[in-house]
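**Q** One structure, as structure tokens, below. Some questions next.
The values are calculated or read from the model by the stated rules, or taken from the named source; none is laboratory data. If you're wondering where the values come from, they're calculated on a predicted model, not measured in any experiment. Methodologically, a virtual Cβ is constructed for each residue, glycine included, from the backbone with ideal geometry; neighbour enumeration extends over all protein chains shown. Only protein heavy atoms, including side chains, enter the accessible area calculation; ligands, DNA and RNA are left aside. Shrake-Rupley method; radii C 1.70, N 1.55, O 1.52, S 1.80 Å.
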Amino acid sequence: TKIVQRQGGHPILDLTITDVKPNAPANIQAPQGRGAAPAAAGAAGTPAATPSQKLSDGVYLILGGYAALAIDFKDHIVVVEGPQSEQRAGAIINEAKRLIPNKPIKYVVNTHAHFDHASGLRTFVAEGATILTHQDNKAYLETALARPHTINPDKAQRAGRKPVVQGVAD
């Protein structure tokens, strides 16, 4: 059989099932390594520190879950990846601003539109950042990011900012 899932009219999963084994045992483990969940909260419920390392002048690797890069430009910061969740994106934003103080995050580069790499983008929208992504992702991200979050309002909903998505080809 075939399963196709869509979000906002865009296909996000196209699965062909060729074999089924009912009641087969499964051993599902949480991911380990760089893709693992962020560290737990610290003492008294404070967020755990977000580890980072300097790769070169003005370029920082932000760890603690899916990795991101913060890059220092003359008058702004560019972050590569806005992954996982509002909480993770907030930790990345805070660490980028700690590493590169007194500059706004002007752009966030989205490598692809899978939920684990795009679920924090609305937090960057709330910061006023423009999302840079491949042109094939532009329509999907514009549709998905423009949806209201009224039941559990996130930072983008509370800020009232409209997402700005710029598609690039090369």
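**Q** Identify, from the list N137, N152, N110, the residue that is over 19 Å from A49 (Cα atoms), free of Cβ contacts under 8 Å to residues at least 60 places away in the same chain and touching a Ser or Thr at 6+ places or on another chain (Cβ under 7 Å).
**A** N110
**Q** Output the number of residues of segment 23-36 satisfying the condition of being more than 17 Å from A91 (Cα to Cα), modelled with pLDDT under 75 and in a loop (DSSP other than H, G, I, E, B).
**A** Final tally of qualifying residues: 3.
**Q** Still on this structure, I have one more. Got a sec? Which of K162, K103 is out of contact with any Ser or Thr (no Cβ under 9 Å at 6 or more places or on another chain), among the basic types (K, R) and at pLDDT 95 or above?
**A** K103
**Q** Ok, one more. I need the helices (runs of 4 or more DSSP H) fully contained in segment 89-153, keeping only those with at least 2 residues that are hydroxyl-bearing (S, T, Y), over 21 Å from L63 (Cα atoms) and open to solvent by less than 40 Å² (accessible area, probe 1.4 Å).
**A** none
**Q** Please go through segment 154-170 and pick out each residue that is farther than 19 Å from Q87 by Cα and either open to solvent by less than 40 Å² (accessible area, probe 1.4 Å) or of a type outside the set (D, E, K, R) (or both).
**A** Result: V164, V165, Q166, G167, V168, A169.
**Q** Determine whether segment 37-50 contains at least one residue that is modelled with pLDDT of 95 or more and open to solvent by 70 Å² or more (accessible area, probe 1.4 Å).
**A** No, there is no match, as no residue in segment 37-50 is modelled with pLDDT of 95 or more and open to solvent by 70 Å² or more (accessible area, probe 1.4 Å).
**Q** Since L69 meets every condition but one in (1) buried (at least 21 other Cβ atoms within 10 Å of the Cβ); (2) under 13 Å from the mean Cα position of the chain (by Cα), which condition does it not meet?
**A** Of (1) buried (at least 21 other Cβ atoms within 10 Å of the Cβ); (2) under 13 Å from the mean Cα position of the chain (by Cα), only one is false for L69: (1).
**Q** Search segment 64-88 for residues being at pLDDT 95 or above and among the aliphatic types (A, V, I, L, M), and hand back the single one that is nearest to A113 (Cα to Cα).
**A** V80
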